[in-house]
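Engineer: Below you will find the structure I want to go over with you.
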Amino acid sequence: AAFLGVSAIVFARGYDGLIYSVGFLVGWPIVLFLIAERLRNLGKFTFSDVAAYRFKQEPVRAFAATSTLLIVILYLIAQVVGAGKLIQLLFGLNYLSAVVLVGVLMVVYVLFGGMLATTWVQMIKAVLLLGGATLISFMVLKHSNFSLENMFQQATAIHEKGEAIMAPGGMVKDPIDALSLGLALMFGTAGLPHILMRFFTVPDAREARKSVVVATGLVGYFFLLTGIIGFGAIIFLTKDNPQFFTEMLKDGKTVYEMVCGTNMAAVHLSSAVGGDLLLGFISAVAFATILAVVAGLTLAGASAVSHDIYSNILRKGQASPEKEMRVSKAATVALGVMAIILGLVFENQNVAFMVGLVFAVAASANFPVLMLSMFWKGLTTRGVVAGGLAGLFGALLLIILG
């Protein structure tokens, strides 16, 4: 979402698209100061475990599992769309075949790899993605004599909107929208189930804190690069390059559309500045990144079904580990099928925009429940369920209406 989506928004809308970069980043200090240590000390595994530890188990777990599943499914759509477009671009497959291929790969990976394989691919892709994004940014800055001012001047000279791409309002039209989006991205980070699952995989609270500090530094550096990549795409990917754009007739007018959509701006840029070698490397890194995120999400979704709904609600905590594992595997397959179907429906949406909607749901439903359950003694079971469901379905309703 960040690598493909934010760079695509900056390419299309200019400087204002960087609100996503800032919003995604600012969520990490909140995770660090408010959540990391407490979550690790609780020794809980899923968001549902944390939400339910002080209250009646069944109603709270039902809310938490519902919220987790909806967030996971919405998030999976964005990743599957990005991966589908990438496969379509690289191998010339049609979008349907590309999305089915991604869905099958994702299910196989999670079924046979589990948390350990997910952790390894996340570590490796983090190093490769930072390296790849640094290399592309270096090439763009080299073209501008390592001057950001020169880079912005070149971009405004080429872009059809001119200097307007450097002004606020290109992406978010009014202050209320900007505040709303900023809060959603900031608090949403702290409510994402696949991030919360990670705190149980470190030995103690000190390590949890340290890992978030390191992650925040790396994430901050990476988001600086997405801006450079977005402006680099404006400079290098013009409609004079026929390999990146196709000419189409729309309402009797000639329009130029990027091959496989603007979500591929960063991938096309790698080809423009580094040829086929860099294109191959960046495509592989982008695909590994998508696979890593998808694996983490699918694990979170499958554990919500097997651990929360099946084991704790339906079987009242009496389910054997073997049966719980079988349910988890069935849930993984079901999530894969759902991701494929929804990925086909949302083909032309920007992936960062879709992830922004997911963060809005997490910020409205999970984050308040998480905060209040850890910091407010007066919270009740009824309050968790009523407040959580109001936030969850309120946010979903507004997304559907919007």
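Engineer: By per-residue mean of other Cβ atoms within 10 Å, what is the highest-first order of 371-379, 4-12?
Structural biologist: Top to bottom by mean Cβ count within 10 Å: 4-12, 371-379.
Engineer: Helix 148-158 against the longest principal axis of the chain: what's the angle in degrees, Cα atoms only, rounded to the nearest 10?
Structural biologist: 70 degrees
Engineer: Using a 10 angstrom cutoff on alpha carbons, build the Gaussian network for the chain and name the most mobile of Ile165, Ile176, Ile77.
Structural biologist: Ile176
Engineer: With n ≥ 4 as the cut-off for DSSP H runs, can you work out [θ] at 222 nm for the chain, using -39500 (n - 2.57) per run divided by the number of residues, rounded to the nearest 500?
Structural biologist: Calculated mean residue ellipticity at 222 nm is -24500 deg cm²/dmol.
Engineer: Which trypsin sites (Lys or Arg not before Pro) in the stretch 260-366 sit in a loop by DSSP (not H, G, I, E or B) and have at most 11 other Cβ atoms within 10 Å of their own Cβ?
Structural biologist: In loop regions of the stretch 260-366 (DSSP not H, G, I, E or B), the sparsely surrounded trypsin sites (Lys or Arg not before Pro) are Lys316.
Engineer: For the pair Ile124 and Leu249, what calculated FRET efficiency results from E = 1/(1 + (r/R0)^6), where r is the Cβ-Cβ distance and R0 = 30 Å, to the nearest 0.05?
Structural biologist: Efficiency, from the Cβ-Cβ distance: 0.10.
Engineer: For the chain, what class follows from the C-alpha gyration tensor (a ≥ b ≥ c being the square roots of its eigenvalues): rounded when a/c is under 1.5, otherwise prolate if a/b is larger than b/c, else oblate?
Structural biologist: Prolate, since a/c reaches 1.5 and a/b exceeds b/c.
Engineer: Still on this structure: From largest to smallest, what semi-axes in whole angstrom does the stretch 111-258 give when each is the square root of 5 times an eigenvalue of its alpha carbon gyration tensor?
Structural biologist: Largest first, the stretch 111-258 gives 36, 20, 19 Å.
Engineer: Let me ask something additional. If the only charges are +1 at each Lys and Arg Cβ and -1 at each Asp and Glu Cβ, what is the size of the charge dipole of the stretch 1-110 around the Cα centre, to the nearest 20 debye?
Structural biologist: That gives a dipole near 240 debye.
Engineer: Using 0.36 nm times the number of residues separating Arg206 and Ala386, minus their current alpha carbon distance, what extension gain do you get?
Structural biologist: Fully extending the segment from Arg206 to Ala386 adds 61.4 nm.
Engineer: May I pose another question? Return the carbon/sulfur percentage of the accessible area of the chain, one whole number, probe 1.4 Å, all protein chains in place.
Structural biologist: Ligands and nucleic acids excluded, carbon and sulfur reach 67 percent.
Engineer: Give a quick list of trypsin sites (Lys or Arg not before Pro) in the stretch 31-62 that DSSP marks as loop, anything other than H, G, I, E or B, with at most 14 other Cβ atoms within 10 Å.
Structural biologist: Passing both the DSSP loop test and the Cβ count: Arg54, Lys56.
Engineer: For the chain, with a Gaussian network of springs between Cα atoms less than 10 Å apart, report the residue from Leu179, Leu291, Leu76 with the top mean-square fluctuation.
Structural biologist: Of Leu179, Leu291, Leu76, the most mobile in the Gaussian network model is Leu179.
Engineer: Pull out a ≥ b ≥ c, the square roots of the eigenvalues of the alpha-carbon gyration tensor of the stretch 1-118, then state rounded if a/c is under 1.5, prolate if not and a/b is larger than b/c, and oblate in the remaining case.
Structural biologist: It is oblate, given that a/c is not under 1.5 and a/b is not larger than b/c.
Engineer: Give the residue from Pro321, Ile228, Met258 lying farthest towards the positive end of the charge dipole for the stretch 199-330; charges sit on Cβ (+1 for Lys and Arg, -1 for Asp and Glu) and the dipole is referred to the Cα centre.
Structural biologist: It is Pro321, whose Cα lies furthest towards the positive end.
Engineer: Please label the shape of the stretch 319-402 as rounded, prolate or oblate, based on the square roots a ≥ b ≥ c of the eigenvalues of the alpha-carbon gyration tensor (a/c under 1.5 means rounded; beyond that, a/b larger than b/c means prolate, else oblate).
Structural biologist: oblate
Engineer: Still on this structure, please answer the following. With an 8 Å Cα cut-off and a minimum separation of 6 or more residues, compute the relative contact order for the chain in percent.
Structural biologist: In percent, rounded to a whole number, it is 36.
Engineer: If you don't mind, there's one more thing I want to ask. Please name whichever of Thr119, Leu192, Ile165 sits farthest to the positive end of the charge dipole of the stretch 90-206, dipole taken about the Cα centre and charges placed at Cβ: Lys and Arg +1, Asp and Glu -1.
Structural biologist: The residue sitting farthest along the positive end of the dipole is Thr119.
Engineer: Here's a follow-up. Return one whole number: the accessible area per residue of the stretch 1-135 in Å², for a 1.4 Å probe.
Structural biologist: 38 Å²
Engineer: With each label point set 7 Å from Cα along the Cα-Cβ vector, what nm distance links Lys56 and Asn145?
Structural biologist: Once both label points are built, they end up 7.2 nm from each other.
The values are calculated or read from the model by the stated rules, or taken from the named source; none is laboratory data. Note that this is a predicted model, so its numbers are computed, not measured. Quick reminder, even Gly has a Cβ in these numbers, built from the backbone with ideal geometry, and neighbours come from all protein chains shown. Keep in mind that these areas ignore ligands, DNA and RNA; they rest on the heavy atoms of the full protein, side chains included. Shrake-Rupley method; radii C 1.70, N 1.55, O 1.52, S 1.80 Å.
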